[in-house]
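A short worksheet on the structure shown next.
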Amino acid sequence: HLDYHKNIDRYASSKQKLFYKLQNSGNKWTAVLPLDDDFGKRRSQRMRFWKTYTFGFGNNAQLQATHIVEHEKHTDFILNFMGQKHQIKTPLVGKFNVQNVLAAIWLVLWAGVPLTTILEHIPTYVQAKWRQHHILLWGIDRYIDYAHTPNGLEMMLSYLESIKKWWRVICLFGAPGQRDREKRPNMWRVADRIADIIILTDDDAASENRRQIIRDVLPGIQRQEWSTFAILPDRRTAIRYACLIAQPWDKVLLAWIGHQKVLLTNAWKIARDEEQVLIEERNAKNT
């Protein structure tokens, strides 16, 4: 939402108004706050609610996750709560989803559901479609994810980095037009730090010039083009290139488009099913 709020501090301040409004309403409100997040930590220290429930990875969280082990199709961790330890296995992947599980547990506990019932249902959680959407084609893991912010891209790439073993992470992404311009170079910095190969491509340019958007993404290129980095503005061409260079055991990420079925350009709308394009281009490589 930074295209509306301009920076993260103003965004956090706007969010905090909701907490203050409830805090000052005189009712018995309960807050569930993440202690791994700086804003959540500050709210837990400075604001006073009838009850405050905290979660996170640190010892000071009331609901704590430790010994997190990430796998390709699930995540294991130990849940510490009220002096008891529980072994958890969730089909959701990535540390960021462990935080989501902790938040969900607190909310359902607050609603009165026993912890034993909650623990029975955690293994049945279903991944939201187009979030870490996994496609295995010809022995290569490909992922489609609606990662359109630096934080979202970092979480997904960090997960892939943790499971890639000895092979490579290939990241294909772009930045949308008419949205927060400040995030464009930050998305590049995240990809540059984590991904082994980067393919910079088009996105929903809308009324903006797509080549200018790509220039905005690049604050300074330290990589050698066509070695670990390529600029291919046409998104289908970029996907084709990702299919050509991917080797068994590589992890290929197509970021941003996710569930969207239309690609917006400054001239027209292009019908687009990212998963179908990926399958078509991958099959074309084998013909």
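How big is the dipole moment of the range 28-135 about its Cα centre under a simple scheme where the beta carbon of each Lys and Arg is +1, that of each Asp and Glu is -1, and everything else is neutral? Debye, nearest 20, please.
It comes to approximately 460 debye.
To the nearest 20 Debye, how big is the dipole of the range 168-245 about its Cα centre, given +1 on the beta carbon of each Lys and Arg and -1 on that of each Asp and Glu?
80
Restricting to bridges with both residues inside the chain, how much of the DSSP beta-bridge set is antiparallel, in percent to the nearest 5?
So the antiparallel bridges in the chain amount to around 45 percent.
At Lys73 and Lys85, where each label point lies 7 Å from the Cα along Cα→Cβ, what is the point-to-point distance in nanometres?
Simple spin-label model gives 2.8 nm for this pair.
Excluding ligands, DNA and RNA, what is the solvent-accessible area per residue of the chain at a probe of 1.4 Å, expressed in Å²?
So the chain comes to 52 Å² accessible per residue, rounded to a whole number.
Within straight cross-link reach of Lys51, meaning Cα distance under 20 Å, which lysines are found once same-chain residues fewer than 8 apart are removed?
Within the straight-line cut-off, Lys51 pairs with Lys15, Lys17, Lys21, Lys28, Lys41.
In percent, how large is the relative contact order of the chain, given Cα pairs closer than 8 Å and 6 or more residues apart?
After rounding, I find 14 percent.
Please find the FRET efficiency linking Ser227 to Lys261, where r is the Cβ-Cβ separation and R0 is fixed at 25 Å, and quote it to the nearest 0.05.
The calculated FRET efficiency here is 0.15.
Just name one of Gly40, Cys171, Asn283: the one whose Cα is farthest towards the positive end of the charge dipole of the chain (beta-carbon charges, Lys/Arg +1, Asp/Glu -1).
About the Cα centre, the residue reaching furthest to the positive side is Gly40.
For the chain, what is the charge dipole size about the Cα centre, in debye to the nearest 20, if Lys and Arg each add +1 at the Cβ and Asp and Glu each add -1 at the Cβ?
860
Report the calculated FRET efficiency for Gln247 and Asn151 (r = Cβ-Cβ distance, R0 = 35 Å), to the nearest 0.05.
Approximately 0.75, to the nearest 0.05.
Picking from Gly83, Thr117, Phe49, whose Cα lies most toward the positive end of the charge dipole for the chain (charges on Cβ: Lys, Arg +1; Asp, Glu -1)?
Towards the positive end, the residue furthest out is Phe49.
For Tyr125 and Ile163, what does the FRET efficiency come to when R0 = 30 Å and r is the distance between their Cβ atoms, rounded to the nearest 0.05?
0.95
Please give the Cα centre distance for the range 216-248 versus the range 159-188, rounded to the nearest Å.
With the range 216-248 and the range 159-188 each reduced to a Cα centre, they are spaced 12 Å.
With all protein chains present and a 1.4 Å probe, how do Leu136, Leu92, Leu253 order by accessible area, largest first?
Result of the area sort, largest leading: Leu136, Leu92, Leu253.
Please report, as a whole percent, how much of the solvent-accessible surface of the range 1-86 comes from carbon and sulfur atoms (probe radius 1.4 Å).
50
Kirkwood-based Rg over Rh for the chain (C-alpha set), two decimals?
1.01
Taking 0.36 nm per residue of sequence separation and subtracting the Cα-Cα distance, how much length would be gained by fully extending the chain between Ala104 and Asp234, in nm to one decimal?
The Ala104-Asp234 span can extend by a further 42.8 nm.
Quick one: pull the percent of accessible area on the range 117-236 belonging to carbon and sulfur, 1.4 Å probe, ligands and nucleic acids left out.
The C+S portion of the solvent-accessible surface of the range 117-236 is 50 percent.
The values are calculated or read from the model by the stated rules, or taken from the named source; none is laboratory data. No experiment lies behind these values; they were computed from the predicted model shown. Note: ideal-geometry Cβ built from the backbone for every residue, glycine included; neighbour counts use all protein chains shown. Areas reflect the complete protein model, heavy atoms only, side chains present, ligands, DNA and RNA absent. Shrake-Rupley method; radii C 1.70, N 1.55, O 1.52, S 1.80 Å.
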